[in-house]
Structure formats: C-alpha cells, structure tokens
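First comes the structure, then the notes that go with it.
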Amino acid sequence: MGTIANGMGIILIIVIGLFYVWWRVRNTSSYGGVHARSQDRYSLAEMIIFVKNSLHELSRNTSNNWGMSEEVWLRKVKARTELRQALRGCTFGDIDDKRFVKSYIRDLLVSSYGFSENHVDQVIPFHDRSRLTVQDRFEILMYLYGLRYGEDALSQIIAEYQLDVLKTMDDGDQDSSPKYEISDEDIDAVFYREYRMLSFQEKLDIIVQRIYQSFKGYSVIDIIREQRIDGVSGGVSGLTGTGWNQQDNSLDEDGMERSRTWDSVWIFYQGKSIHLSFLSFGSEAELKRVCQNIYKYNYPGQLSEANGYKVNEMKDGSRVVVVRPPFSETWAFFVRKFDVKSAVLEHLIQGGNASLPIQLLKYMMKGCRITAITGSQGSGKTTLLMALVKHINASYTLRVQEMSFELNLRKMYSSRNILSFRETEYVSGQAGLDLQKKTDGTVNILGEVATDEVAAWMIQMSQVASLFTLFTHHAKTFRDLIESLRNSLLKAGVFRDEVIAELQVAGIIDFDVHLCRDAQGNRYIERITECCRLDGDIGSKCRYTENVIVEYRNGSYVPVNPITIQSQREMAREMTSEDADQFQLFVDAYWGESIVA
C-alpha cells in the first residue's frame, strides 16, 4: 500500500507540474507576439494585463540564471533593482520614477507585444474623433498643451477658454445656484479647436500614460495632480452607496442617472473649487485604489477602519489627506499643492498700492515680530508663510513644527539652518515643540496652531524659547484669534483665570495678517493689525486694542493707523542700521510718524 501511495503522489506531482508548464506556455504565447489570444488583443484591458504580468516578472528574482557570466548576471540584478525601486517610487508621486516605468512600458509594447502603427487606432480611435470619449479628448488636449506649457498645461487651457467662470448648471440637484464646473461640452469645444493629427509616437505616448495610470498611477487625476494648481480631490460629491440603490434618488427629474461618488473629481484653482464633471474614476473600486495608494510616501501607517484618516505629504511636497468609511461616508482624498515658485510677496500680493503691505511685511520680519497669519482654508496662509521666510535674517536658525511636511522651506532656502518636525503616531505635536527648545532654534514656525496643547505651548515658547514666532490660525477676526488662544490656555490648564490668560496672549502677539478669498477666488490681505496691550486695572473689561495698520478697500491697500512708537522702536532695534533708516523713511512716507529715539 505504501508503494502504491508513493506512486500516486509522484503521479499527482507530475500532473500538477505539467499543468503549470502548460499554463505558463499558454500565457506566454498569448502575449509573445506569435499567437493572438483573441480579437481584443489590442484593447486597453488586454494590454494592461500584459504590462502588469511583464513588469511583475521583470522585477522578481528568476531562477533561470544558469550559464550567465558574472558580468551579465550583475547587470540583470542591477536592472531588476532599478525597476523595483521605480515601481515603488512612482506610487509615491516621484516624477523621475514615473518616467522610468513609462519607458519600460513603451519598450514592452513595441518589442515584446508587437505593438505598431497598425494597431494604435484599435486602442484609442484617434482616426475617428466622433468615437473618442470625453476622457480621451481631455487627455489628448493635456498632451498637446503639455508639449508647449509643461506643468502649466491645465492652467493655460482654463485661462484661454475662460473655464473658471460661474455657471448655472441644470444637473438635477435641488441646489441650482451658480457653481464652478467644467463639463463635457466645455472639453469638446476646446478639443475641436485645438486638435491636430498626431504621429505614431505621440499616440503611443498617450496610450502608455493611460496604461500607466490605470494600474500604477492615480487613475484620471494622474496628470492633473502634477499640474501647477492649488489642489485636487476626489470622492467628495455624488450619491453615496445608499443613495444609488434607491431608484427615486439615483435619477434626476429628466430620468437621467445622477453622478455617483466615483464620478467626483474636483480641482482647486486660483482659490476656486471647480468640479470636473466630465471625469470619472469609473467605479468605487478604482476610487478606493487611488485612496489606498496616494498617501503612502514614507510609510505613514495603515489606513484602516480603526484609523479612518491619514495626513501625509507626497514626494513632491504636496499635502495629502485620505479618509475612508466608516469614519467618512465614502472613500475620499484631498491633495493640496503649494507652488514654491509663486511663494514671493510681489507675486502673492496684488492690487492697488500693493507695495504698502509688501514693504510692511518685510519690515515685520526684519523687526522680528511675533506674527499670526489668519484666514479661512484656501486663503493662502501657508504660501504667504513660505514667502515671509525669505525676509528673516539669513543667519537665524529656523525650527518648524507641522502636522505634515508641506512648507518645504529647505527646498526653497537650502543654504539656511532649517529643521522641520511633524506629529507622528508616537510623537505628539506637544513633544515636538518641547524638543525644539533643545535644538538651538532662533525662530520658531508653526505650520498651523490647530490644538489647545499646541496653542498653549506656542504662547509659552514665544515668551522664552525663541526670538520670535510665526504661525497660522483659522481665526476669522483679530478678536477671535485672541479669544481662541486664551481659551486654549485655559483648556490646557496653563491658567485658570480668564483675565490673566487673555493678558498673556495680548502681550505675546505683535501682529495679525488676515487673509481673505472672495467669491471669485481672488485672494488678498484684508487687514494687518497690531495688538496693543493696555496697561492699567487688571479687572477692566478691555485688556487690549486692535490697531489696524493697513486695510484693503475697494481693490486697493490703504494706510490706516501708524504703528505704535513702542513697536517701531522694538522693530528698529532688531534691524541693521541701514534697514532701520529705510524703515523710518517708510513709516514717514505713509503715516508721517517718525521713530522716536
């Protein structure tokens, strides 16, 4: 019996082995360029399967290395290692790794798949414009504009054809108020004016990008994410899972199917939130795939039901926030980009008499003033903070605390002594701020004062741990800023008396720069306010006054009240003699209030 059992086992192993060999030969022949598996061989779906399998085989260790010389073997190992690293890096948003992987895909299609000019129109019907989908047309447009404008391609399309204007859209929603939206019709109108005949190499580039974004990239937002815009998000509109199962909710008044959560692509462009209603991820699974991959640079931890959100940065410095059910009603992501090239005061601050706030901000930095930058989301706080750093004394050491690395100050000012910290799963923002005292920091910068503990520590730090501090806050008014920081001191247990807590805050904050964004997306500095602490009875109702220095009125910046003499003296004391003289001339020119010696 034992002999029979052993024989049966051997036969079973042989059968399994033969089946595996047959399966490998079958798949190899299907994609080797000799036998076509079906008439759909040159469909995107079939080509994506081929590329996936090929890259998987090329990036893994193979046992078929017999007979190779050491030099050839080492060369193959090096190539395989480079491919592995690029496949991993492109998922994090690394542009160089993306180019490397796309070049591999191109070579695979041409050399191994037998793809030629005869097949290109079977994949995307370039030869028949009426058969192109709106996604095809958009990606062709982006390719053509990308050849001329690079990462400004999308901005150029929007600007040339005025696609960022308010429209009243009849999309079946109860809310029919004007909104920013780029529709199928908008893309078609641009496409038919800009389209030209494409060469085989240009068509191949577009196909390679479509294949890449379908399994390694970020689906339909892959090209958009690289553009010089303020941000892109997905999964933030459309019917949720419960809505589309109900017939009365999934159709509009005309019986047309309403958009679903995976039909949701939005961009943030020049302060405007614009719905790209012509784009769709195609399925919830595809939206979920993008959400699961887009946040993973530097391995920030796993997004799970227990941990329903992640805040991280991408390889290019973009901030990414990802949420998932049950924490949120749908899978969604938010990519916020910060244009480092535009982080210059002269570029950021526009309008009549813009030189007034620009010069004042420069002197506030040179004068080492503790400054709050306030405003709503999207008003430009982070970008302004990046621009202000340029005017801080270059010899000062900077220590930065952020929730995620988004300021990228060392990218802008690589020769300066700058070190940034961020919160992690194991190190709180409070612990990071505490550590900064031991790192020889002259100037402390807080990307955002978002918690009571950080707010309380910022006040204490500004008193003793640094020369001055810069921070951002979401306060709507100067009074809101003071009261919010006061309440944080009370909640954190630093003070028990409201009066004393407010006096501490008023005694620390020197200036508040409040930013605003109007309904048309225009950004401007609404006001620059000096905080003046009042001396006298501690029990008095008012313990500080708001001294508005500059205000934005009717499209122009106007001087209001002069900076107090005490502040002028303190600012001049921190400047070089040349800067102090220029500061006095500046004050005299606008307010006629000279610095008192």
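The values are calculated or read from the model by the stated rules, or taken from the named source; none is laboratory data. Just so we're clear, the structure is a prediction, and the values are computed from it rather than from any experiment. Every residue, glycine as well, gets a Cβ built from its backbone with ideal geometry; the counts of neighbours run over all protein chains shown.
Look at segment 328-341 and say how many of its residues are β-branched (Val, Ile, Thr) and either in contact with a strand residue (DSSP E or B) (Cβ under 7 Å, 6 or more places away or on another chain) or part of a helix (DSSP H, G or I) (or both).
2
Looking only at segment 458-481, filter to residues that are of a type in the set (A, V, I, L, M, F, W, C) and part of a helix (DSSP H, G or I); which one of those is farthest from Ala492 (Cα to Cα)?
Phe478
Can you name every residue in segment 121-140 that is surrounded by fewer than 19 Cβ atoms within 10 Å (Cβ to Cβ) and assigned to a helix (DSSP H, G or I)?
Asp121, Gln122, Arg129, Ser130, Arg131, Val134, Gln135, Asp136
Quick one: count up the residues across segment 424-459 that are touching a helix residue (DSSP H, G or I) at 6+ places or on another chain (Cβ under 6 Å) and either in the same structural domain as Pro300 (by the TED database) or surrounded by fewer than 20 Cβ atoms within 10 Å (Cβ to Cβ) (or both).
3
Considering only segment 540-594, state which residues are touching a strand residue (DSSP E or B) at 6+ places or on another chain (Cβ under 7 Å), more than 30 Å from Ala501 (Cβ to Cβ) and polar (S, T, N, Q).
Ser556
Could you check Gln302 against (1) assigned to a loop (DSSP other than H, G, I, E, B); (2) of a type outside the set (A, V, I, L, M, F, W, C); (3) touching a residue at least 12 places away in the same chain (Cβ under 8 Å) and say which number it fails?
(3)
Looking only at residues that are at pLDDT 75 or above and surrounded by 15 or more Cβ atoms within 10 Å (Cβ to Cβ) in segment 171-183, which one is farthest from Asp136 (Cα to Cα)?
It comes out as Lys179.
Return the residues of segment 114-139 that are free of Cβ contacts under 8 Å to residues at least 60 places away in the same chain and within 17 Å of Gln213 (Cα to Cα); say none if nothing qualifies.
Within segment 114-139, Thr133, Asp136, Arg137 meet the criteria.
How many residues does segment 297-313 hold that are surrounded by fewer than 21 Cβ atoms within 10 Å (Cβ to Cβ) and closer than 23 Å to Thr382 by Cα?
5
Please go through segment 557-579 and give me each residue that is within 39 Å of the chain's Cα centre (by Cα) and of a type in the set (A, V, I, L, M, F, W, C), ordered by number.
Within segment 557-579, Val558, Val560, Ile563, Met571, Ala572, Met575 qualify.
List the number of the failed condition for Ile206; all other conditions in (1) aliphatic (A, V, I, L, M); (2) surrounded by 14 or more Cβ atoms within 10 Å (Cβ to Cβ); (3) in a helix (DSSP H, G or I); (4) out of contact with any Asp or Glu (no Cβ under 8 Å at 6 or more places or on another chain) hold.
The failed condition is (4).
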